[in-house]
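A quick write-up on the structure given underneath.
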Ligand SMILES: C[S@@+](CC[C@H](N)C(=O)[O-])C[C@H]1O[C@@H](n2cnc3c(N)ncnc32)[C@H](O)[C@@H]1O
């Protein structure tokens, strides 16, 4: 009887882990540009030569690809893509593959450190410069979903100036600046490398200014009709969050809006992904757990703001946009 249970559980774990194979295969294909290589029927040896890759390992990757339906045989020993719509687009094209890269290179290795960290009560240190590029790019995937809620506020409140704190590659302000040419957009970003990228990407937009600055040292000369802070809260020490929201409320003009995009976690109703984010953030001595819904409400109240609402951006990831207005 016990042996039957053992087999049953082992099979269950294997079955549950099957989706990992799809992610692993897609990650390797994205990272090495192999989906581009097999766009047309190609021999493995030619791809290995052209890309300077180990042929034996490439063969194995192709074999897995065929068994999970990412690749198919195309005659004369060649292979090509199958189910192209499931595969990430090549690098640099705002591809969803960057999410796989972040998951495989950052999240999973970090979570695998749990036993060691728990035994020794130690933490990793998040290397911001190393990961800033990838993290800024993955955050951009959310833009399309959060954008309508931001546009609506800018239109309805006749917003003329916007500050984006931790603007990353300036994806939000670039899109908004095109849509609202009369509004002035300022982005601040702590990473020099990411700031430069953002400046390049917005070089042609006259209503955008990007500055390399740490939010803690930033003292705006005038207030803004809207202050946004998207996917930055987990960089902020828990003890400093309430005070930060208070400070940001001071940067908003009377009648203006404070808008915050963040995953929310901490309650058992939150989706598993949001709660695992917390496990991930808690692994670093310089990243912090996500806020709860109550905290977002309380901090706004303490800062004298009125809550406009907390709306879903992506349900599965527990992502929300919280917006507040500052009384006139
Ligand atoms: C997860 S990314 C989000 C980027 C962008 N806001 C978005 O949502 O697409 C967080 C960004 O905040 C920046 N950041 C973190 N701490 C900061 C600070 N103290 N001052 C300014 N920027 C900061 C990081 O370098 C990173 O580019």
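The values are calculated or read from the model by the stated rules, or taken from the named source; none is laboratory data. Note that the coordinates shown come from a computational prediction; the quantities given were computed from them, not determined experimentally. Cβ: placed from backbone, ideal geometry, glycine included. Neighbour counts: every protein chain shown.
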> Within segment 139-171, restricting attention to residues that are crowded, with 20+ Cβ neighbours inside 10 Å and assigned to a loop (DSSP other than H, G, I, E, B), which residue is farthest from the ligand (Cβ to nearest atom)?
Replying inline: 159
> Across segment 308-328, what is the total count of residues that are closer than 19 Å to residue 142 by Cα and touching a strand residue (DSSP E or B) at 6+ places or on another chain (Cβ under 7 Å)?
Replying inline: 12
>> Residues that are crowded, with 22+ Cβ neighbours inside 10 Å and within 16 Å of the ligand (Cβ to nearest atom): list the strands (runs of 3 or more DSSP E) wholly contained in segment 208-270 that include at least 3 such residues.
In response: 224-230, 252-263
> How many residues does segment 122-154 hold that are over 17 Å from residue 98 (Cα atoms) and touching a residue at least 24 places away in the same chain (Cβ under 8 Å)?
Replying inline: 12
>> Can you find, within segment 91-138, the residue that is farthest from the ligand (Cβ to nearest atom) among those that are part of a loop (DSSP other than H, G, I, E, B) and at pLDDT 90 or above?
In response: 121
> If you scan segment 17-49, which residues turn out to be in contact with a helix residue (DSSP H, G or I) (Cβ under 7 Å, 6 or more places away or on another chain) and without any contact (Cβ under 8 Å) to a residue 24 or more places away in the chain?
Replying inline: 32, 37, 45, 47, 48
> Between a first residue in segment 208-231 that is at negative phi and a second residue that is near the ligand (Cβ under 7 Å from one of its atoms), which pairs have beta carbons less than 6 Å apart while being 6 or more apart in sequence or on different chains?
Replying inline: 211/188; 213/188; 214/190; 215/165; 218/188; 228/164; 229/165; 230/261
> How many of the residues making up segment 172-200 are surrounded by 17 or more Cβ atoms within 10 Å (Cβ to Cβ) and within 15 Å of the ligand (Cβ to nearest atom)?
Replying inline: 17
